[in-house]
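Below is one structure, written out as C-alpha cells; comments come after it.
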Amino acid sequence: NAGVTQTPKFQVLKTGQSMTLQCAQDMNHEYMSWYRQDPGMGLRLIHYSVGAGITDQGEVPNGYNVSRSTTEDFPLRLLSAAPSQTSVYFCASRRNRDPQPYEQYFGPGTRLTVT
Amino acid sequence: AQKITQTQPGMFVQEKEAVTLDCTYDTSDPSYGLFWYKQPSSGEMIFLIYQGSYDQQNATEGRYSLNFQKARKSANLVISASQLGDSAMYFCAMTESSASKIIFGSGTRLSIRP
C-alpha cells in the first residue's frame, strides 16, 4: 500500500512549456484533489474530483487542466507554464462516508520552478 | 461558502507548556468536518486530528485535542506539554458534506523554545 504517490519530485520549466504532474493512489479513494502551496502560505485548491469521469474547479483553477479516467490516477496539466506557477504542488485523496467526511491523505509534493 | 480563518501567523512557546492554535470557520452546511494538519520543515502534510460537526465530544489524539465550540464556529487545536519536535506550520482545514472540497486556512507557524 503505497498511499498517494506523486512524480516528479522536482521540475524546472521554461515559461510557455507544458507538462503533466502525475498523481496516483492505491487506496480506492473516491475523492482526489490538487493543491498548490506558495512560500510561507497555506494550501489553495486547484481542482478536485469526486470519482472517475468527474472533475470540478477549486479556488485557483486558471492555467491548469485535470482529468480522471480511472479511480487511481489524477494528473494535473500545466498548459503554458508561467513564473506565477512556481510553487509546491500537493495531490491528496480521501474516501467518503456519509454523513461525515474523513481524513485526507497527501502525497509528498512536487516542487515546480518556472523560469 | 465555506471559509477558514487562522489569525495567528506565528507563535513562540516554551517547551513543556500547553499551546492553543486558533481556528474559526464559516459554513451554512449543518454537516461538516474540521481537520488539523502539521507541516514540518521537511514539507510533508501530517494529519493530526478530525472533528465532525455531529460529534458530541471534542476529538482527542494523544497530546492533541480539538476545542470545538460549535456556536462560536471555532475549532482550536490544543497541544499539551509541547515538545521541540512540535515546531512546525499548523493548518486548520474544513470540508462540507454538500461539497467535496477541503479548504485550508493560512496556517500558524509554531516555534517551541527549549
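The values are calculated or read from the model by the stated rules, or taken from the named source; none is laboratory data. Given the structure is predicted, the values throughout are model-derived calculations rather than measurements. As a convention, Cβ positions derive from the backbone with ideal geometry for all residues, glycine included, and neighbour counts pool all protein chains shown. Just the protein is used for accessible areas: all its heavy atoms, side chains included, with ligands, DNA and RNA removed. Shrake-Rupley method; radii C 1.70, N 1.55, O 1.52, S 1.80 Å.
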(request) Could you tell me whether residue A:12 is over 21 Å from residue B:39 (Cβ atoms), at the interface with chain B (Cβ under 9 Å from one of its Cβ atoms) and open to solvent by 20 Å² or more (accessible area, probe 1.4 Å)? (result) no
(message) For the stretch B:28-58, give me the residue count where each residue is under 28 Å from residue A:40 (Cβ atoms), among the small types (Gly, Ala, Ser) and free of Cβ contacts under 8 Å to residues at least 40 places away in the same chain.
(response) 2
(message) List pairs: first residue in the stretch A:4-17 and in contact (Cβ under 8 Å) with a residue 12 or more places away in the chain, second residue of a type in the set (D, E, K, R) and open to solvent by 40 Å² or more (accessible area, probe 1.4 Å) anywhere in the structure, Cβ distance under 8 angstrom, at least six positions apart or on different chains.
(response) A:9/A:111; A:10/A:111; A:11/A:111
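Could we say that residue B:20 is surrounded by 12 or more Cβ atoms within 10 Å (Cβ to Cβ), within 14 Å of chain A (Cβ to nearest Cβ) and in contact (Cβ under 8 Å) with a residue 24 or more places away in the chain here?
Numbers: surrounded by 12 or more Cβ atoms within 10 Å (Cβ to Cβ): yes; within 14 Å of chain A (Cβ to nearest Cβ): no; in contact (Cβ under 8 Å) with a residue 24 or more places away in the chain: yes.
Against the criterion (surrounded by 12 or more Cβ atoms within 10 Å (Cβ to Cβ), within 14 Å of chain A (Cβ to nearest Cβ) and in contact (Cβ under 8 Å) with a residue 24 or more places away in the chain), residue B:20 does not qualify.
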(message) Here are the criteria: (1) part of a strand (DSSP E or B); (2) of a type outside the set (Gly, Ala, Ser); (3) modelled with pLDDT under 95. Tell me which single one residue A:77 does not satisfy.
(response) (3)
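Please determine, by comparing only the residues of the stretch B:2-17 that are open to solvent by 30 Å² or more (accessible area, probe 1.4 Å), part of a loop (DSSP other than H, G, I, E, B) and touching a residue at least 40 places away in the same chain (Cβ under 8 Å), which one is nearest to residue B:73 (Cα to Cα). Before you say what the answer is, go through the steps one by one.
Of the stretch B:2-17, the ones open to solvent by 30 Å² or more (accessible area, probe 1.4 Å) are B:3, B:5, B:7-12, B:14-17.
Among the residues that remain, those that are also part of a loop (DSSP other than H, G, I, E, B) are: B:7-9, B:15-17.
Among the residues that remain, those that are also touching a residue at least 40 places away in the same chain (Cβ under 8 Å) are: B:8-9, B:15-17.
Values: B:8: 17, B:9: 20, B:15: 29, B:16: 28, B:17: 26 Å.
Among those that are open to solvent by 30 Å² or more (accessible area, probe 1.4 Å), part of a loop (DSSP other than H, G, I, E, B) and touching a residue at least 40 places away in the same chain (Cβ under 8 Å), it is B:8.
Determine whether the stretch A:94-104 contains at least one residue that is away from chain B (no Cβ under 11 Å), at pLDDT 95 or above, open to solvent by 70 Å² or more (accessible area, probe 1.4 Å) and closer than 23 Å to residue B:2 by Cβ. Even if it seems obvious, please write down each step before you answer.
Start the filter on the stretch A:94-104 by keeping residues that are away from chain B (no Cβ under 11 Å), which leaves A:95.
Retained after the next criterion (residues that are at pLDDT 95 or above): none.
No, the stretch A:94-104 contains no residue that is away from chain B (no Cβ under 11 Å), at pLDDT 95 or above, open to solvent by 70 Å² or more (accessible area, probe 1.4 Å) and closer than 23 Å to residue B:2 by Cβ.
Mind listing whichever residues of the stretch A:15-50 are in a strand (DSSP E or B), more than 10 Å from chain B (Cβ to nearest Cβ) and small (Gly, Ala, Ser)?
Initial filter on the stretch A:15-50 (in a strand (DSSP E or B)): A:19-25, A:31-37, A:43-50.
In the following step, the residues that additionally are more than 10 Å from chain B (Cβ to nearest Cβ) were identified as A:19-25, A:34, A:36, A:46.
Selection gives A:24 alone.
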